[in-house]
Amino acid sequence: MRKILQNCSPSLRDALNGAGIKTVASLMCCDADVLAKKGNIDREELQVLQKSVRLQFSSLPVCGSDFLDTITSTFCILSTGCDNWDELLDGGLYSGEITELVGAAGSGKTQACMSIASSVTLNLEKNALYIDTGGAFSSQRVQEIICEKDASLSEQDSIASLSRLRCVQAFDVFSVLDCVETTKRHINQEDDPFYQDLRLIIVDSVAAIITPILGGQQISGHTMMVHLARQLKSLAVDYALSILITNNVVSDSSVAGSVKPALGQTWAHFPNTRVFLQKNLAHSMVNQAHRASKERIATVTKSSRQPLQISTTFYIGSAGIMSLPVSR
């Protein structure tokens, strides 16, 4: 309030103080005509002061159609390349959101990530950044998926699709945070064409870099976990990106023989959508000839759009994640 009144005349300052107007809120809510009649206040000077404050601190009005155009131009839904998954996720991966894949080792998390990345670069012709924290990424496997998705793809088109996918190895939380900051800088500075057409960021996996710094003497581990989650959330929202992350499971002591997502309840608040992956053991038991079946079940356990506990079956083939009839 003092800074606002610095450029006012001494008489107006004294009059406002005498009228009990000592906050910005009371200044903007007061009636200039009423105060001019009650005290020695210049009505025009007071109105000029109110207008100055309004112009300085109020947000500019935005046309509804312009706002809608801005939203629709940045918002997008990335198809996963698998019809069953797209139906499960209400269309695919939403920009501005974090989607988390949870499952035990061998449940297909990394295969799903590489398959979705291949679909984005091949079918949508958009760029994807793959942050590999466990050394599980395979360029040969990605190339195989791309070629199997489109058998008629020429070698030149295959190379073009691969060039839209960039992999960064980051084996600790600080390296991942540095990668996030690097991404923001390149997008803001527009100095790298890759980041200007970036639509998907994959972190495979967050548990690999967070679990080692939690518990024991690592008192700052929880803080680092929250900081990473907020940075990923900010990256998704501020730049309209879809972020896909993977997480491991741990034993659930409350229910014998069951598992739950790793990293605890604090982390559980950050993903917008959480999908639990598991092998279809029932299928393997029925079909004795295919005990090593590649069939999987994906179940929605957190979502703001879809009903919880809906599931779909899929299998992992040479072309990545592939559809099977939906079962709910």
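Give me the dipole magnitude in Debye, nearest 20, for the chain about the Cα centre, with unit charges on the beta carbon: positive for Lys and Arg, negative for Asp and Glu.
Working: 29 positive and 32 negative charges, 232 e Å.
That gives the chain a dipole magnitude of about 1120 debye.
Which is the longest part of the chain that has none of the GluC sites (Glu not before Pro) sitting in a DSSP loop with at most 13 other Cβ atoms within 10 Å? Please report the intermediate quantities before stating the final value.
Working: sites that count: Glu125, Glu190.
It runs 191-328.
At 4 °C and a viscosity of 1.567 mPa s, what translational diffusion coefficient does Stokes-Einstein give for the range 14-114, taking Rh as the Kirkwood radius over Cα pairs? Give it in µm²/s as a whole number. Please report the intermediate quantities before stating the final value.
Working: Rh = 19.3 Å.
Rounded, D is 67 µm²/s.
How much of the DSSP bridge set in the range 154-262 is antiparallel, in percent, rounded to the nearest 5?
Numbers: 4 of 8 bridges.
In the range 154-262, DSSP labels about 50 percent of beta bridges as antiparallel.
In the range 130-249, if the dipole is taken from +1 on Lys/Arg beta carbons and -1 on Asp/Glu beta carbons about the Cα centre, which of Gly215, Ile202, Met225 is farthest to the positive end?
Gly215
Let me know the Rg and Dmax you get for the chain when you use only its Cα atoms, in Å.
Cα-based Rg and Dmax for the chain come out at 27.3, 96 Å.
Would you kindly derive the ³J(HN,Hα) couplings of the range 267-272 from the backbone phi angles with the Karplus curve 6.51 cos²θ - 1.76 cosθ + 1.60 (θ = phi - 60°), listing them in order in whole Hz, with x for Gly and Pro?
Listing the rounded values in order: 5, 4, 6, 7, x, 6 Hz.
At 1.4 Å probe radius, can you tell me the per residue accessible area of the range 24-82 in Å²? Don't jump to the answer; show the numbers that get you there.
On the way: 4230 Å² over 59 residues.
Heavy-atom SASA per residue in the range 24-82 reads 72 Å².
Greater than 23 Å separation of Cα atoms is the criterion. Which listed pairs, Lys279/Lys302; Lys109/Lys233; Lys149/Lys302; Lys109/Lys260, meet it? Can you show the working numbers first?
Working: Lys279/Lys302 19 Å; Lys109/Lys233 21 Å; Lys149/Lys302 30 Å; Lys109/Lys260 15 Å.
Flagged as over cut-off: Lys149/Lys302.
Send over a whole-number figure in Å² for the accessible area per residue of the range 147-263, probe 1.4 Å. Walk me through the numbers on the way to the answer.
Values: 6080 Å² over 117 residues.
For the range 147-263, the solvent-accessible area averages 52 Å² per residue.
How much of the accessible area of the chain, in percent, comes from carbon and sulfur atoms when a 1.4 Å probe is used? Spell out each step's value before the answer.
On the way: 9030 of 17300 Å².
Its accessible area is 52 percent carbon and sulfur atoms.
The values are calculated or read from the model by the stated rules, or taken from the named source; none is laboratory data. Nothing here was measured: the structure is a model prediction, and the numbers come from that model. Cβ sites come from the backbone with ideal geometry, for glycine too, and all protein chains shown count toward neighbours. Accessible surface is based on the protein model in full, side chains and every heavy atom, while ligands, DNA and RNA are left aside. Shrake-Rupley method; radii C 1.70, N 1.55, O 1.52, S 1.80 Å.
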